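Trainee: One structure is given below, represented as structure tokens, and several questions about it will come after.
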Amino acid sequence: MVLAGLERLDSGTLRIDGASLHEMTEDELAAFRGRRIGIVFQSFHLIPNMTALENVAVPLELAGRPKPFERAKQELASVGLGERLHHYPGQLSGGEQQRVAIARALAPDPALLIADEPTGNLDGETGRMIADLLFAKQRERQMTLLLVTHDPSLAARCATQVHMQSGKIGIPHREREQA
């Protein structure tokens, strides 16, 4: 939540993409987050009475981005949902809902994409497909992908792993031995 700019630090500093988030006002932080950070939540956080297209376009529209619905269509097509634009979240499978959430996070072209348990609410096969999509988009767009997961197989796909246990952060033994 702190890295996403949704909660404030208790102490210390936080810099993302050269910007000091801990020094920003709430309005500056919201604007920065809207431009530079994409967030994919475990529980999707889609607005149930809006279509997939609206769920992706409305945040762009609120941020004053040009042609938000055109951009939303492009992003939904890029995650394989070009034919599901006018479906509501309740009409979509869990994997489709997560792809809408990914399209929404990618639409502003963020430097940092944070995915919080992106496969946690999905069956194994759908979860692998979503993980493949996230890693493909990361490579394609050359953005930083930060995954938060309890799934060791998903964590193993990451170049760097940081483990947290009981509020303490540590580097896994195998990475310490290589350092």
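The values are calculated or read from the model by the stated rules, or taken from the named source; none is laboratory data. What you see is a predicted model, and the numbers here were worked out from it, not measured in a lab. All Cβ positions, glycine included, derive from the backbone under ideal geometry; neighbour counts span all protein chains shown. Ligands, DNA and RNA are excluded from the accessible area calculation, which covers all protein heavy atoms including side chains. Shrake-Rupley method; radii C 1.70, N 1.55, O 1.52, S 1.80 Å.
Trainee: Take residue 110 and decide whether it is of a type outside the set (A, V, I, L, M, F, W, C), within 16 Å of residue 72 (Cβ to Cβ) and touching a residue at least 40 places away in the same chain (Cβ under 8 Å).
Mentor: Here the answer is yes, as residue 110 does meet what is asked.
Trainee: Let me ask something additional. Out of the stretch 30-52, which residues are modelled with pLDDT under 90 and surrounded by 13 or more Cβ atoms within 10 Å (Cβ to Cβ)?
Mentor: 30, 31, 32, 33, 34, 35, 36, 41, 42, 44
Trainee: Let me ask another. Taking only the stretch 53-65 into account, find how many residues are open to solvent by less than 70 Å² (accessible area, probe 1.4 Å) and modelled with pLDDT under 95.
Mentor: Number satisfying all stated conditions: 5.
Trainee: In the stretch 1-26, how many are hydroxyl-bearing (Ser, Thr, Tyr) and open to solvent by less than 50 Å² (accessible area, probe 1.4 Å)?
Mentor: Looking only at that region, the number is 1.
Trainee: Specify the residue that is modelled with the lowest pLDDT; the eligible residues are those in the stretch 161-179 that are farther than 21 Å from residue 1 by Cβ, surrounded by 10 or more Cβ atoms within 10 Å (Cβ to Cβ) and not acidic (Asp, Glu).
Mentor: Checked the stretch 161-179; the qualifying residue modelled with the lowest pLDDT is 172.
Trainee: Taking the residues in the stretch 127-160 that are out of contact with any strand residue (DSSP E or B) (no Cβ under 8 Å at 6 or more places or on another chain) and hydrophobic (A, V, I, L, M, F, W, C) as candidates, determine which candidate is surrounded by the fewest Cβ atoms within 10 Å (Cβ to Cβ).
Mentor: 159
Trainee: When you scan the stretch 109-126, do you find a residue that is open to solvent by less than 80 Å² (accessible area, probe 1.4 Å), hydroxyl-bearing (Ser, Thr, Tyr), at pLDDT below 90 and part of a helix (DSSP H, G or I), even just one?
Mentor: Checked the stretch 109-126: at least one residue is open to solvent by less than 80 Å² (accessible area, probe 1.4 Å), hydroxyl-bearing (Ser, Thr, Tyr), at pLDDT below 90 and part of a helix (DSSP H, G or I).
Residue-by-condition table, conditions (1) among the small types (Gly, Ala, Ser); (2) out of contact with any helix residue (DSSP H, G or I) (no Cβ under 9 Å at 6 or more places or on another chain); (3) without any contact (Cβ under 8 Å) to a residue 60 or more places away in the chain; (4) at positive phi:
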residue	(1), (2), (3), (4)
14	no, no, yes, no
19	yes, no, yes, no
33	no, no, yes, no
46	no, no, yes, no
57	yes, no, yes, no
62	no, no, yes, no
67	no, no, yes, yes
88	no, no, yes, no
94	yes, no, yes, no
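Trainee: Among the numbered conditions (1) open to solvent by 10 Å² or more (accessible area, probe 1.4 Å); (2) not in a helix (DSSP H, G or I), tell me where residue 81 comes up short.
Mentor: Only one criterion is unmet by residue 81, namely (1).
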